[in-house]
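As structure tokens, the structure follows; a few thoughts come after it.
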Amino acid sequence: MIKFDGVTKRYPGGFEALKNVSFEIAQGELAFITGHSGAGKSTLLKLAAAIERPTTGSVIIKGQNVGKIRQSGLPYVRRNFGLIFQDHKLLYDRNVYDNVALPLSIVGVTGREAGKRIRAALDKVGLLPREKAAPITLSGGEQQRLAIARAIVSRPSILLADEPTGNLDENYARDIIELFKSFHQVGVTVIIATHDARGIARQGEQILSLQHGVLA
Amino acid sequence: MIYHWLRSHWHAFILVLKKLRHAPVANLLMAAVIGATLSLPAGLYLLADNIRQAAGDITIEPQISLFLSLNATDGAVKALDQRLKENHGIKDFNFVSKETAWQEMQRNSTVADTGLEKNPLPDAFVIHPKDTEPQAVDKLQKELSELPNVEHTLLDAEWVKRLYVLLQMSTKAVVILTSLLGFALVAIVGNTIRLQILTQREEIEVSRLIGATDRYIRRPFLHAGLLHGFAGGLMAWLFVYIALYIFNASVQDLALLYSADFLLHMLGGQASLILLGGAAGLGWLGALLAVNRSLAELKAVAKR
């Protein structure tokens, strides 16, 4: 599904966020990326989601080498992913429903079909009663779940989450992790980056531990 | 495929309309600014067009007089007559012999008093060209002046030529004004779209991250530009119409004094379509330039 082969990412200025990283995540797998902040987790996710390209080495997503795809082809690769950003990146100028509608609008799903899928996604994360609410009025946990609803509405085959439990208390964090596990159970590949391993139940899931840009 | 394309455009269009409705006053002002800008060239064009039509109604044809040399023989006149008949640039012509001219002159009492005893007048041909365009007439005049035994040629209706030149100048003025103000329109719309892009920067960034193509991001802004331009075009049309209405009241009074029936006419269907279509197109162009620039900036930021 996702394969990193000797990937190095160097940013302008010479900072190397990732150094010679190689791993493979199979379809339907649940994988965790751990490490302290600044260890390169976010960079790894950006590379895995075809948001950035590697400096050297190759990133293969569903058999496609991201480094060799033309700029205009990248959006189509990105549509394989449901992304949950560390800062949520919700749009505060529209309500909950319209936030979830965005990914569908991008792939051209609108009208009644869109409505069905948006409500299903909101129902899944327990936000259906709040579809008309403004995101700013939601609690931190609810905003997190809204971000998840937006990520799953276009039924991606891969979910990528950057610190989804970051600012949540323990109970809430467990709920969120359970939510991700439920997606994993229906066959979605789930990759979660987290700095603390609290919510991680070790049941044979792959854990990629990053330290200063190197896989431990 | 086409269905999908149309549908996505339709949705973007509806979205833009909804957004425009949120700020009706600002958008109306915007349309008024573009309208005022465009009404200048449109008004000038209309003025020139009216003058041209008025000039077209005055059917004074240019006339070329050929004066032969005094010692031209009857044979030479005949030969010349034949040459003129063969010339395709001539609609018709008639011969005025020196005797006819002399008699006509003597009938005119003021000239008869000059005390001339001998006929000083040459034979002459009066020629009406087929093509009344100034250049064509000039060419014909030059051609005729080179014929044998032709002493002198005289072109009447010089003022028609002057009017033509003036109208040509006004056409050039319309073209220059249109280009300048068209450029202004592109800049105005471009700037507005740029501000819109800034307020929607987050949406654009998120959309790009989750798989939106550049085309998807551009689409609503292009529609907005098109609509701004079109609305501005409509406004310009309206402004010109109102100005014309006000003018026509005075023109009618003036025409009555000359006991003529004359009113300035409004832009024709074709000119109106060009105005609206051109305005919409320029608005679209302004939006395209703005959105491409902003996208390039966003990409540069994302690369950092």
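Would you calculate the volume per residue, in Å³, of the smallest convex hull containing every Cα atom of chain B? Walk me through the intermediate numbers first.
Numbers: hull volume 66.6 nm³, N = 304.
Looking at chain B, the number lands at 219 Å³ per residue.
If you count only protein heavy atoms with a 1.4 Å probe, what accessible area per residue comes out for the range A:90-155, rounded to a whole Å²? Please report the intermediate quantities before stating the final value.
Working: 2780 Å² over 66 residues.
Computed with neighbouring chains in place, this is 42 Å² per residue.
On C-alpha positions alone, give me the angle between the axis of helix A:96-106 and the longest principal axis of chain A, in degrees, nearest 10.
The helix A:96-106 is inclined about 50 degrees to chain A.
Got a number for the accessible area of A:His212? Probe 1.4 Å, square angstrom, nearest 10.
150 Å²
Need one number: buried accessible surface between chains B and A, 1.4 Å probe, both sides summed, DNA, RNA and ligands left out, in Å² to 100.
Working: alone 19350 and 10510 Å², together 28100 Å².
For chain B against chain A, roughly 1800 Å² becomes buried.
With N set to the number of residues, divide the alpha-carbon radius of gyration of chain A by 2.2 N^0.38 Å and report two decimals. The partial results should precede the final answer.
Values: Rg = 17.0 Å, N = 216, 2.2 N^0.38 = 17.0 Å.
That ratio works out to 1.00.
Using a 1.4 angstrom probe on protein heavy atoms only, which residues from the range A:57-92 are buried by at least 50 Å² of accessible area when all chains are present rather than their own chain alone?
Those residues are A:Arg78, A:Leu91.
For chain B, what does the relative contact order come out to in percent, with C-alpha contacts under 8 Å and a separation of six or more? Don't jump to the answer; show the numbers that get you there.
Numbers: 331 pairs, mean separation 87.3, N = 304.
Relative contact order of chain B: 29 percent.
So, for the range B:64-156, what is the accessible surface per residue at a probe of 1.4 Å, expressed in square angstrom? It would help to have the intermediate numbers written out before the result.
On the way: 5910 Å² over 93 residues.
Normalised by residue count, the accessible surface of the range B:64-156 is 64 Å².
For the protein assembly as shown, with all protein chains present and a 1.4 Å probe, just round the carbon and sulfur fraction of the accessible area to a whole percent.
Details: 16560 of 28100 Å².
Carbon and sulfur together cover 59 percent of it.
How large is the accessible surface of B:Tyr216 in square angstrom, using a 1.4 angstrom probe and rounding to the nearest 10?
40 Å²
I'd like the accessible area for B:Asp214: 1.4 Å probe, protein heavy atoms, all chains in place, Å² to the nearest 10.
Solvent-accessible area, nearest 10 Å²: 40 Å².
Quick check on chain B: helices-only [θ] at 222 nm, where DSSP H runs of length 4 and up contribute -39,500 (n - 2.57) each and the sum goes over total residues. Nearest 500, please. Show your work: numbers first, answer last.
Working: 10 runs with 224 residues, N = 304.
Computed mean residue ellipticity for chain B: -26000 deg cm²/dmol.
List for the range A:106-122: residues with 20 Å² or greater reduction in accessible area, all protein chains versus chain alone, probe 1.4 Å?
Flagged in the range A:106-122: A:Ile106, A:Gly108, A:Thr110.
Can you tally the net charge around A:Asn80? Count Lys and Arg as +1, Asp and Glu as -1, for every other residue whose Cβ sits under 11 Å from the Cβ of A:Asn80. Walk me through the numbers on the way to the answer.
Numbers: positive: A:Lys62, A:Arg78, A:Arg79, A:Arg155; negative: none.
Residues near A:Asn80 contribute +4 overall.
With angles folded into 0 to 90 degrees, how steeply does helix B:98-107 sit against the dominant principal axis of chain B? Use alpha carbons for both and round to 10.
Between the helix axis and the principal axis of chain B, the angle is about 90 degrees.
Would you jot down the residues in the range B:194-213 that end up with at least 50 Å² less accessible area in the complete protein assembly than in the chain alone, with a 1.4 Å probe?
At a threshold of 50 Å² (probe 1.4 Å), the residues of the range B:194-213 that become less exposed are B:Glu203, B:Val206, B:Leu209, B:Ile210, B:Gly211, B:Thr213.
The values are calculated or read from the model by the stated rules, or taken from the named source; none is laboratory data. Computed from a predicted structure; not experimentally measured. Positions of Cβ are generated from backbone atoms using ideal geometry, with glycine treated the same way; all protein chains shown enter the neighbour counts. Only protein heavy atoms, including side chains, enter the accessible area calculation; ligands, DNA and RNA are left aside. Shrake-Rupley method; radii C 1.70, N 1.55, O 1.52, S 1.80 Å.
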